[in-house]
Amino acid sequence: RFFLSVFFIFFFCSYYIYAENDRNKSEEVAHQIMGQLKNNTVVNDVTTKNIINDVIIVALDENESDNMEEPIQAEESQDGENDANTYVTDGGESYTVDSVLTIPSLGIDYPVLSQTSEELLKISLNKYWGHGPNQVGNYCIVGHNYANGKMFGKLSQMEIGDTAILKDTASEKSVTYEAYNKYVVDPTDVSCTSQLTNGKIEVTLITCY
């Protein structure tokens with residue numbers, strides 16, 4: 001029993017170390033992309049900040065409203081003016097990036113990849129639903145809840161009133177958002193991805209609980 005216990009302890013410790021190294025290696029890709037993004041930053045960046053208890057309202061025509069009744073998959077092309085930028089890592093892999101999400105209070109600063117998959121979620125945050133960043137509708141971002149605090153590991157610590165900055169990598173423009181709601185949903189409940197925002201620009205951050 002003693003040797004069996006030692007074996008299991010050794011096995012689980014080895015697995016934890018391997019998994020942690022694998023996560024660090026995957027996240028390094030996100031850091032490489034961020035480095036390229038910062039090198040390409042435009043000096044004359046325009047930042048639009050909403051005021052407390054205020055919202056950004058954009059009028060929609062009938063055609064636009066009709067198109068936003070259903071969520072839009074991240075894989076679909078949605079707006080030529082906000083096509084994701086492509087970045088090549090040191091390993092030669094190419095990734096398309098829609099935006100950059102920064103949450104100062106949590107130390108979160110990651111690129112948002114334009115598509116989502118199990119492999120892409122290991123690398124960085126992913127776009128899940130919605131039109132392009134900072135457009136009318138609900139831009140949904142998904143990320144892993146890692147125990148070491150990486151990705152969205154600290155998202156549960158976000159408080160109402162905290163701010164998040166979303167930068168569109170195509171236009172180089174940023175919008176600052178203020179958190180107004182925080183809740184847990186059932187895995188089969190996709191209501192939080194709804195695009196019916198009454199002409200408002202919203203962002204939903206999603207992780208596991």
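GluC sites (Glu not before Pro), restricted to segment 84-179: which are DSSP loop and have at most 13 other Cβ atoms within 10 Å?
Numbers: sites: Glu93, Glu118, Glu119, Glu159, Glu172, Glu178; in loops: Glu93, Glu159, Glu172.
Those satisfying the criteria are Glu93, Glu159.
Is the shape of segment 98-209 best called rounded, prolate or oblate, per the rule: a/c under 1.5 gives rounded, else a/b larger than b/c gives prolate, else oblate, with a ≥ b ≥ c the square roots of the Cα gyration tensor eigenvalues?
Values: a/c = 1.21, a/b = 1.13, b/c = 1.07.
Taking the square roots of the gyration eigenvalues as a ≥ b ≥ c, segment 98-209 is rounded.
From the cross-link list Lys154/Lys200; Lys122/Lys182; Lys38/Lys150; Lys38/Lys173; Lys38/Lys167, which pairs have alpha carbons spaced over 18 Å apart? Could you put the intermediate results ahead of the total?
Numbers: Lys154/Lys200 26 Å; Lys122/Lys182 24 Å; Lys38/Lys150 20 Å; Lys38/Lys173 13 Å; Lys38/Lys167 12 Å.
Violating the 18 Å Cα-Cα cut-off are Lys154/Lys200; Lys122/Lys182; Lys38/Lys150.
Please work out the FRET efficiency for the pair Asn145 and Glu178, using the Cβ-Cβ distance as r and a Förster radius of 22 Å; give the result to the nearest 0.05. Don't skip to the end; give the middle numbers.
Details: r = 22 Å, r/R0 = 1.01.
Efficiency, from the Cβ-Cβ distance: 0.50.
Using the Cα centre as the reference, give the magnitude of the dipole from point charges on the C-beta atoms of segment 129-193 (Lys, Arg: +1; Asp, Glu: -1; all else neutral), rounded to the nearest 20 debye. Spell out each step's value before the answer.
On the way: 5 positive and 7 negative charges, 40 e Å.
My answer is approximately 200 debye.
So which trypsin sites (Lys or Arg not before Pro) in segment 136-204 are both in a DSSP loop and have at most 14 other Cβ atoms within 10 Å of their Cβ? Don't skip to the answer; put the middle values down first.
Working: sites: Lys150, Lys154, Lys167, Lys173, Lys182, Lys200; in loops: Lys150, Lys154, Lys173, Lys182.
Answer by residue number: Lys182.
Read-outs: derived from the displayed coordinates by stated rules, not from any lab. Just so you know, these numbers come straight off a predicted model, no measurement behind them. In this analysis, Cβ positions are derived from the backbone assuming ideal geometry, glycine residues included, and neighbour counts consider all displayed protein chains.
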